[in-house]
Amino acid sequence: MADFLPAEPAAVAALMRGFPASWCIAGGWALDLFLGRVTRAHGDVDVAIFRADQMLLRGQLAGWSFRKVVGGVFQEWPAGEWLDLPLHEVHASAPGGQRSLEFLLNDHSGGEWVFRRNPAVRCPADRAIVYSGAGLPLLCPAIVLLYKAKHTRAVDERDFDAALASLSPERRAWLRGALEVAHPGHAWLTRLGRLQGEGALSSTE
């Protein structure tokens with residue numbers, strides 16, 4: 001498991017090497033890298049950074065073109081334009097269009113990661129990123145599942161099934177509390193409630 005690093009996320013890691021701020025793999029690949037195995041096919045690799053660091057992307061990917069997503073529509077993202085909420089999705093394309101990456105802007109305030117869909121849901125920023133056995137930064141799996149909970153597709157259900165047993169009691173407790181605030185009545189709450197050993201996500205985990 002220590003050297004589990006498939007080609008797709010390895011290529012992203014090479015592109016992000018030297019990025020002067022926090023970044024991490026998000027989405028389904030974050031869960032599979034956390035688990036140390038491929039549980040399903042992946043269409044792409046999502047990358048999360050903090051909103052405050054968005055201007056650093058152009059320096060990291062010099063020569064690439066950038067688009068923002070506004071109301072589900074791609075628009076050019078001009079250099080120097082600051083993206084505030086609700087905008088959170090940026091796509092970068094390499095010269096010639098041979099490669100593209102999706103970046104997701106995550107928010108933080110006062111040392112806490114803040115859920116953009118409901119700012120009452122938070123966790124310590126230093127717990128929002130974990131590391132795979134190969135040392136790749138990953139968005140915390142509980143946060144990945146929280147994002148997937150809004151419009152639960154079959155693939156999201158499979159991701160929840162695959163990851164649930166490997167979450168620590170603290171992360172399961174945090175996810176349950178986050179769902180109760182952001183998505184009360186969500187079907188995943190019943191399964192989370194059956195698990196024992198729940199606690200709070202803390203800086204000592």
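Scanning the stretch 86-123 for residues that are under 24 Å from Arg176 (Cβ atoms) and among the charged types (D, E, K, R), we see that the one that is least open to solvent (accessible area, probe 1.4 Å) is Asp107. Between Val12, Val69, the distinction of being open to solvent by less than 60 Å² (accessible area, probe 1.4 Å), touching an Asp or Glu at 6+ places or on another chain (Cβ under 7 Å) and not charged (D, E, K, R) belongs to Val69 only. Within the stretch 75-95, restricting attention to residues that are in a strand (DSSP E or B) and in contact (Cβ under 8 Å) with a residue 12 or more places away in the chain, which residue is farthest from the chain's Cα centre (by Cα)? Per the criteria, the residue is Ser93.
For Leu83, the requirement of being of a type in the set (A, V, I, L, M), at pLDDT 95 or above, open to solvent by 20 Å² or more (accessible area, probe 1.4 Å) and within 18 Å of Ala21 (Cβ to Cβ) is not met. Being open to solvent by less than 30 Å² (accessible area, probe 1.4 Å), touching a helix residue (DSSP H, G or I) at 6+ places or on another chain (Cβ under 6 Å) and modelled with pLDDT under 95 is true for just one of Leu192, Leu175, Leu164, Leu179. Which residue is that? The match here is Leu192. Arg158 fails exactly one of the following numbered conditions: (1) touching a Leu at 6+ places or on another chain (Cβ under 7 Å); (2) assigned to a helix (DSSP H, G or I); (3) in contact (Cβ under 8 Å) with a residue 40 or more places away in the chain. What is the number of that condition? Among (1) touching a Leu at 6+ places or on another chain (Cβ under 7 Å); (2) assigned to a helix (DSSP H, G or I); (3) in contact (Cβ under 8 Å) with a residue 40 or more places away in the chain, the lone unmet condition for Arg158 is (1). Within the stretch 18-36, the presence of at least one residue that is in a loop (DSSP other than H, G, I, E, B), of a type outside the set (Gly, Ala, Ser) and at pLDDT 95 or above is confirmed.
The values are calculated or read from the model by the stated rules, or taken from the named source; none is laboratory data. Computed from a predicted model, the values in this text were never measured in an experiment. We place every Cβ from the backbone using ideal geometry, glycine too, and count neighbours over all the protein chains shown. All accessible areas refer to the heavy atoms of the entire protein, side chains included, with ligands and DNA or RNA removed. Shrake-Rupley method; radii C 1.70, N 1.55, O 1.52, S 1.80 Å.
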